[in-house]
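A.B. asks: Please read through the structure below; I'll follow up with questions.
The values are calculated or read from the model by the stated rules, or taken from the named source; none is laboratory data. Predicted model, so just to flag it, every value in this text is computed and none were measured. We place every Cβ from the backbone using ideal geometry, glycine too, and count neighbours over all the protein chains shown.
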Amino acid sequence: MPSSSPLALIILSAALLSGCSYLKYPDIHKVTVQQGNIVNQEMVDQLRPGMTRSQVRYIFGTPLLMDTFDQDRWDYYYGIKPPGRTETRERITVFFEGNTLTHFSGDYLPTSLQTTEADDAVTAEALPSSSELETAALKTTELTPTE
């Protein structure tokens, strides 16, 4: 009769090894994962309409995405995932006309364009309502002579 101890040893070792995946070992070290181009407020503050592509590339680096069909659009993305925290994503899109920067959009605004809530309240009060605009348009059409 053949001995069943090697077969039992194989079955027992397979059960023990498969059970190791259910054990949670303490995490000794997890790596912070960074992807893309770093985008920050200081970089955005350096952008000015009229800059060349090489000047923008000097500030931001090579874009992460360059559209094959639209060469006048560059996309910069940055994501960071610290261990135990949620992922942070930032993006900025830069638009060119030929070799000249026309405008950009994304998660950051230039510091000169950022306003406080008090500035927004003053601006909102100073804007005319739509009815005031319509009456002003009617008055200007009434003043123009017709031939």
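A.B. asks: Mind checking which strands (runs of 3 or more DSSP E) fall wholly inside the range 22-106 and carry at least 3 residues that are under 16 Å from the mean Cα position of the chain (by Cα) and free of Cβ contacts under 8 Å to residues at least 24 places away in the same chain?
C.D. replies: Values: elements: 33-36, 73-81, 88-97, 100-106.
Answer list for the range 22-106: 73-81, 88-97.
A.B. asks: Could you check Ala136 against (1) assigned to a loop (DSSP other than H, G, I, E, B); (2) over 30 Å from Val33 (Cβ atoms); (3) modelled with pLDDT under 85 and say which number it fails?
C.D. replies: Looking at each condition in turn, Ala136 falls short on (1).
A.B. asks: Out of everything in the range 12-49 that is surrounded by 10 or more Cβ atoms within 10 Å (Cβ to Cβ) and farther than 30 Å from Thr102 by Cα, what residue ends up being modelled with the lowest pLDDT?
C.D. replies: Ala14
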